[in-house]
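Take a look at the structure below.
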Number of protein chains: 2
Amino acid sequence: MIKKIILIGAGNVATQLSKALLNAGKEILQIYSRTESSASGLAHKINCPYTTRPEELLPGADLYIIAVSDAAIEEILKTFQFNNALVAHTSGSTDIKVLYDYDLRPAVFYPLQTFSKDVDVDFNDIPLFIEAKNDNDHKILTGLAKSLSSKVFSADSRQRMLIHIAAIFACNFTNHFFYLAENLLKKHRVDFDILMPLIKETVRKVELKGPFNAQTGPAVRSDKNILKLHSEMLSSVEDYQKIYNFISESIITEHTNNREKHKNEKL
Amino acid sequence: MIKKIILIGAGNVATQLSKALLNAGKEILQIYSRTESSASGLAHKINCPYTTRPEELLPGADLYIIAVSDAAIEEILKTFQFNNALVAHTSGSTDIKVLYDYDLRPAVFYPLQTFSKDVDVDFNDIPLFIEAKNDNDHKILTGLAKSLSSKVFSADSRQRMLIHIAAIFACNFTNHFFYLAENLLKKHRVDFDILMPLIKETVRKVELKGPFNAQTGPAVRSDKNILKLHSEMLSSVEDYQKIYNFISESIITEHTNNREKHKNEKL
């Protein structure tokens, strides 16, 4: 069973994950970050030791979690000595194989969620995807995951990247559309808050009906007049016009194709 | 005060609006739809008379609400005799002026929400945007709106269209990204449900921090390696690759510009 954990990284994921691990009765032996303010900030929040020096990394943890940006993982691996310890990264899109060339037992612990340092989340609801090079490590890491969340799955590196891409569509890209909507409203001094009931209802409907059946609006109705009017209205903000036309076209195409598919299935 | 209402249309908006009006103690004198099944379906649900014949439209209502697709509004206006009654359409993107050439008192009653016949909504939270050609009609229509919702605003036709476009970005386009994510997951037999906690958290964060500060992911970090990996992974599904690259580029551009703006403001 995993009890003692060291966290390498002090960013959004490390912050929320360390809180969840403590809540599950685990012990955080140490936090490492190369940035003094990040390391001390998180260490202070969760009341545990920290270091900014790779050579001060403590031995003897049951698990070392690398929760840093994808680009920084390799640097960590080159710098640290893990002496055959269990080491898991938390990245959606980094292959487990990047861990293979080092003296450690490779694993991945990927939480499917958007994290911020200052917004706490309930881990129990968060899907956790586990991968490990050897079966016993897979088993004990799955055990740890189940102490945090009721939704624990196995995923290999290819599946995990695909899930990560789907998450980017569902989270980062939708958030970007909230941002574009906010900017449009700002131009006419209208507050973004007026969209919140609509946004919440959009999410409620997708859960009830699924995204295909939940779709509304001029594109899915193929209402060419309105699409043209909107495009003209956006002509002064070039990028918005381009995005409006592009996504409307995609909605029309996907819904036409899907309707055809449904028809063919019925024949 | 508006008491007696006739609804022209029996679709998503008409269904939800008629329920809200009844809850607010209003009387639905009649439902009109050219489609027998739609008209009788809604009339049966809310227990009121209906007709499919324009010539049977009852006189004497305090308000006639035209809740049909934008493309069908003009046909309604050409077909019906309103005899100087108060007539409001519910469209986000149809100018009030389309009502000017007829014997009626023009108005608009635009609820900012995504409606489905089978998913009931709480109108109290829905922003309602009012426009009317004459001041007294504006006043009584605002009174009606306030009996339904705590969020009642005035908006002219240009503002309303802009709000509608922002709503399309925040609702229809985000729902389309849910659909694209679902399709990606399906290819690997992963259920869309695993994304629901992420989607809900995305909405909780946008409400807490606003969309600019809530953004996470490889594009806002300008993580070129991951963006390239994902784009390659999507190379077999052409549209998805195009959309992935296009929206990632938009996130990078908007966030770079906005950071510059923030910097300039601070100087």
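Length, then width, then depth: along the principal axes, the Cα atoms of region B:1-152 run 36, 34, 27 Å.
For region B:42-110, the mean projected area of the C-alpha convex hull, equal to one quarter of the hull surface, is 4.8 nm². DSSP beta bridges confined to region A:4-155 are antiparallel in about 20 percent of cases.
Its DSSP H runs of at least 4 residues, each contributing -39,500 (n - 2.57), put the calculated 222 nm mean residue ellipticity of chain B at -16000 deg cm²/dmol, to the nearest 500.
Each other residue within a Cβ distance under 14 Å of B:S33 adds +1 if Lys or Arg and -1 if Asp or Glu, for a net charge of +1. Residue ranges B:252-258, A:167-173, B:219-225 sort as A:167-173, B:219-225, B:252-258 when ordered by packing (mean number of other C-beta atoms within 10 Å per residue, highest first). Per residue of peptide B:243-249, the mean number of Cβ atoms on other chains within 10 Å of the residue Cβ is 4. Sequence-ordered 3J(HN,Hα) estimates for region A:127-134 from the Karplus curve with 6.51, -1.76 and 1.60 and θ = phi - 60° stand at x, 10, 10, 10, 9, 8, 5, 10 Hz, glycine and proline given as x. Working note: Karplus 6.51/-1.76/1.60 with θ = phi - 60° gives region A:25-32 the couplings x, 7, 10, 8, 5, 6, 10, 10 Hz, where Gly and Pro are set to x. Expressed to the nearest 5 percent, the antiparallel share of DSSP beta bridges inside chain B is 20 percent. So what's the protein assembly as shown giving for Cα Rg divided by 2.2 N^0.38 Å, two decimals? Here the answer is 1.13, to two decimals.
Cα centroid separation, region B:139-161 to region A:19-46: 51 Å.
Using every pair of distinct Cα positions in region B:160-266, the Kirkwood expression returns a hydrodynamic radius of 15.7 angstrom.
Amide H contacts under 5 Å for A:L86: A:Y64, A:R105, restricted to partners 5 or more places along the chain or on a different chain, H placed in the peptide plane at 1.01 Å from N. Please name which of A:G92, A:I243, A:I140 has its Cα lying farthest along the dipole of the protein assembly as shown towards the positive end, using unit charges on Cβ (Lys, Arg +1; Asp, Glu -1) and the Cα centre as origin. Highest projection toward the positive end goes to A:I140. In a reduced charge model with +1 at each Lys and Arg Cβ and -1 at each Asp and Glu Cβ, the protein assembly as shown shows a dipole moment near 460 debye about its Cα centre.
What average count of beta carbons from other chains do you get within 10 Å of the Cβ of residues in B:182-190?
Mean partner shielding for this stretch: 5.
Measuring r between the beta carbons of B:E56 and A:S40 and using R0 = 56 Å, the FRET efficiency lands at 0.15.
Given R0 = 56 Å, the distance between the Cβ atoms of B:S154 and A:N124 translates into a calculated FRET efficiency of 0.80.
Protection proxy ranking, highest mean first, for peptides A:59-70, B:139-150, B:105-116: B:105-116, A:59-70, B:139-150, where packing is the per-residue count of other beta-carbon atoms within 10 Å, averaged. The residue list B:L58, B:H44, A:S40 was ranked by how far each Cα lies along the charge dipole of the protein assembly as shown toward its positive end, using unit charges on Cβ atoms, and B:H44 comes out on top.
Note on chain B: dipole from Cβ charges, positive end direction compared against B:S69, B:L227, B:A155; the farthest Cα belongs to B:L227.
When Rg and the Kirkwood Rh are both derived from Cα coordinates, the Rg/Rh ratio for chain A amounts to 1.07.
Quick one: Debye curve from the C-alpha atoms of region A:94-177, no solvent, what's log10 I(q)/I(0) at q = 0.15, 0.17, 0.19, 0.20 Å⁻¹? For the requested q values the scattering log ratios are -0.62, -0.77, -0.92, -0.99. As I understand it, the value is the acute angle between the Cα axis of helix B:174-187 and the longest principal axis of the Cα atoms of chain B; what does it come to in degrees, rounded to 10? So the helix axis and the longest Cα principal axis differ by about 50 degrees.
Between helix A:157-167 and chain A, what is the angle of the helix's C-alpha long axis to the longest principal axis, kept within 0 to 90° and rounded to the nearest 10? Computed tilt is about 50 degrees. Inter-chain Cβ neighbour count for A:131-141, averaged per residue, equals 0 (cutoff 10 Å, partner chain atoms only). Of B:K187/B:K242; A:K139/B:K200; B:K117/B:K205, which ones are farther than 27 Å apart at the Cα? From the list (B:K187/B:K242; A:K139/B:K200; B:K117/B:K205), the Cα-Cα distance tops 27 Å for A:K139/B:K200; B:K117/B:K205.
Relative to the longest principal Cα axis of chain B, at what angle does helix B:224-233 sit, 0 to 90 degrees, rounded to 10? The helix B:224-233 is inclined about 70 degrees to chain B. Close amide-amide hydrogen proximity is noted between A:Y50 and A:I31, each under 5 Å apart and 5 or more residues distant or on a separate chain (H modeled in the peptide plane; Pro and chain starts excluded). Using the Karplus relation 6.51 cos²θ - 1.76 cosθ + 1.60 with θ = phi - 60°, the per-residue 3J(HN,Hα) values for region B:3-20 come to 10, 9, 10, 10, 9, 9, x, 9, x, 4, 5, 4, 4, 6, 5, 5, 5, 5 Hz, with x marking Gly and Pro. FRET efficiency for the pair A:V237 and B:S69, taken as 1/(1 + (r/R0)^6) with r the Cβ-Cβ distance and R0 = 25 Å, rounds to 0.40.
Over region A:77-124, the alpha carbon radius of gyration divided by the compact-protein estimate 2.2 N^0.38 Å works out to 1.39.
Each label was represented as a point 7 Å from its Cα along the Cα-to-Cβ direction; for B:K78 and A:N47 these points are 7.6 nm apart. Model label sites at B:R189 and A:F246, defined 7 Å from Cα along the beta-carbon direction, differ in position by 3.4 nm.
We did not get these values from a lab; they are worked out from the coordinates using the rules stated. Because the structure is predicted, anything quoted here is derived from the model rather than measured. Every residue, glycine among them, receives a Cβ derived from its backbone with ideal geometry; neighbour counts consider all protein chains shown.
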